[in-house]
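This report concerns only the one structure given below.
The values are calculated or read from the model by the stated rules, or taken from the named source; none is laboratory data. Model, not experiment: these values are computed from the prediction. Quick reminder, even Gly has a Cβ in these numbers, built from the backbone with ideal geometry, and neighbours come from all protein chains shown. Just so you know, the surface numbers come from the protein's heavy atoms only, side chains and all, with ligands and any DNA or RNA stripped out. Shrake-Rupley method; radii C 1.70, N 1.55, O 1.52, S 1.80 Å.
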Amino acid sequence: MASKATIERPETAIPIEKDPDILAAAARLAGEDLCSVADLSSAEVRAILKLGHDVKRNPREYRHALDAKQMVLMFEKASLRTRLAFETGINTMGGNAIFVDHTSSPLGERESIADVARNVERWVDVIVLRTYAHDTITEMAANSRVPVINALSDFEHPCQALADFMTLQEHFGSAAGLNFTYVGDGNNVCHSLMLTGAQLAVNVTVATPRGYSPDIEIVTLARDIAQVNGCEIRLLQDPQLAVEGADAVYTDVCVSMGFEHESTKREPIFRPFQVNEALMRKAAPHAVFMHCLPARRNAEVTDEVLDGPQSIVFDQAENRMHCQKALLLLLLGGLANTASFQ
Ligand code: CP
Ligand code: NVA
């Protein structure tokens, strides 16, 4: 694996409005869905992140980029970060968010998902979904003429992973060549991190208990992408070995939403996978600690690590907004309304 010392710094900056990755992504992604990170090419992932950095630096440039655009958020599960990052994101670009709480009435129950799509597309410009079943998202996307965005399903959390790698770029200058270790459940967040890491030439190591490894379909896909980009995807069952020399150590809850009935069974299995100061000492001295949040304090991560100097969890949370703004700009064609792009 490449060491931190060999990490390349970003190439000479090209003005954002002339960047070929951004221009190609803007042309290709307008009107598209984001159900999975695999819907994006490596160049498109890089473009979203580049635009995310620019949105963060120059929010005023994009103040009217999505004037009068309507976004609906239909959520079957609780949310703090994803919901507010989307709502503040579109509101600060001139658009509007409408939240529909589906926590007590799952999508597809009152009327078919296809019929919901055929109605909603008549009023709004983008549909953002947080669901239990990933199929709910792909079915909505298949039946909607406006873009559908996965805001977390049981299979993936693409918006999270994009913001997380944007945060790593911000911290290290570049993500390519980093050694990134995920410790814990091979879940939705883990899946999207593996795919995004592979697309950005990051060496991704995943350490899970036996029986909780990531889905084989995602592993295969991530390894295919990694091969093209010259990086590695490793699956281990030993967290100590997995974090050795890591530049970033990431964990998530061991009981995701929808798996609460497995709490008693899972807790002892995941105890040896806790990220604590002893585990962080095995990572590189400059390593950062990451978590998508919400965290179960002193379960998958100790207070000392979560609140410690290596933690960048609130930068990740902040970047959810900048990165989701970039995504909305590309999917909704917002760059055409931005002065520097005209
Ligand atoms: N990380 C994340 O998606 O947080 P929320 O569940 O609060 O949206
Ligand atoms: N894996 C967690 C992520 C929450 C943001 C869950 O699905 O509940």
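Consider Glu260 against the criteria (1) more than 15 Å from ligand 1 (Cβ to nearest atom); (2) exposed (fewer than 12 other Cβ atoms within 10 Å of the Cβ): it satisfies all of them except one. Which criterion is unmet? Glu260 satisfies every listed condition except (1).
Within the stretch 203-229, being open to solvent by 10 Å² or more (accessible area, probe 1.4 Å) and either charged (D, E, K, R) or in contact with a Lys or Arg (Cβ under 6 Å, 6 or more places away or on another chain) (or both) holds for Arg210, Asp215, Glu217, Arg223, Asp224. Where helices (runs of 4 or more DSSP H) fall wholly inside the stretch 237-342, the ranges with 1 or more residues that are of a type in the set (Val, Ile, Thr) and closer than 19 Å to Ala151 by Cα are 313-331. For the stretch 167-177, a tally of residues being open to solvent by less than 10 Å² (accessible area, probe 1.4 Å) and among the polar types (S, T, N, Q) returns 1. If you go through the stretch 135-187 and keep only what is hydroxyl-bearing (Ser, Thr, Tyr) and in a loop (DSSP other than H, G, I, E, B), you end up with Ser144, Ser153, Ser174. Restricting Asp164, Asp154 to residues that are within 14 Å of ligand 1 (Cβ to nearest atom), at pLDDT 95 or above and open to solvent by less than 10 Å² (accessible area, probe 1.4 Å) narrows the list to Asp164.
This table checks each residue for (1) open to solvent by 10 Å² or more (accessible area, probe 1.4 Å); (2) in contact (Cβ under 8 Å) with a residue 60 or more places away in the chain; (3) hydrophobic (A, V, I, L, M, F, W, C).
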site	(1), (2), (3)
Ser104	yes, no, no
Leu129	no, no, yes
Ile149	no, yes, yes
Val183	no, yes, yes
Val189	no, yes, yes
Leu193	no, no, yes
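Return a yes/no flag: does the stretch 283-298 have any residue that is aliphatic (A, V, I, L, M) and modelled with pLDDT under 95. Checked the stretch 283-298: no residue is aliphatic (A, V, I, L, M) and modelled with pLDDT under 95.
Filter the stretch 55-87 down to residues that are within 13 Å of ligand 1 (Cβ to nearest atom) and not small (Gly, Ala, Ser), then give me how many there are.
Residues meeting the conditions: 11.
So for the stretch 316-328 (the condition being open to solvent by 30 Å² or more (accessible area, probe 1.4 Å), out of contact with any helix residue (DSSP H, G or I) (no Cβ under 8 Å at 6 or more places or on another chain) and farther than 18 Å from Ala175 by Cβ), does at least one residue qualify? Looking for residues that are open to solvent by 30 Å² or more (accessible area, probe 1.4 Å), out of contact with any helix residue (DSSP H, G or I) (no Cβ under 8 Å at 6 or more places or on another chain) and farther than 18 Å from Ala175 by Cβ, one finds none in the stretch 316-328, hence no. Here Val288 meets each of (1) without any contact (Cβ under 8 Å) to a residue 40 or more places away in the chain; (2) open to solvent by less than 10 Å² (accessible area, probe 1.4 Å) with one exception, condition (1).
One residue stands out in the stretch 244-257 among those that are open to solvent by 30 Å² or more (accessible area, probe 1.4 Å) and away from ligand 2 (no atom under 16 Å from the Cβ): the one that is farthest from Tyr212 (Cα to Cα), namely Gly245.
Beta carbons closer than 8 Å, at least 6 apart along the sequence or on distinct chains, pair a first residue in the stretch 55-75 that is farther than 14 Å from Met321 by Cβ with a second that is among the small types (Gly, Ala, Ser) and open to solvent by 60 Å² or more (accessible area, probe 1.4 Å) for Glu61/Ala339.
For His134, the requirement of being open to solvent by 10 Å² or more (accessible area, probe 1.4 Å) and in contact (Cβ under 8 Å) with a residue 24 or more places away in the chain is met. Can you work out which of the residues in the stretch 24-58 that are of a type in the set (Asp, Glu) and open to solvent by 50 Å² or more (accessible area, probe 1.4 Å) is nearest to Cys231 (Cα to Cα)? Ranking the candidates gives Asp39 first.
Which residue, of Leu279, Leu241, is of a type in the set (A, V, I, L, M, F, W, C) and surrounded by 15 or more Cβ atoms within 10 Å (Cβ to Cβ)?
Sole residue among the options that is of a type in the set (A, V, I, L, M, F, W, C) and surrounded by 15 or more Cβ atoms within 10 Å (Cβ to Cβ): Leu279.
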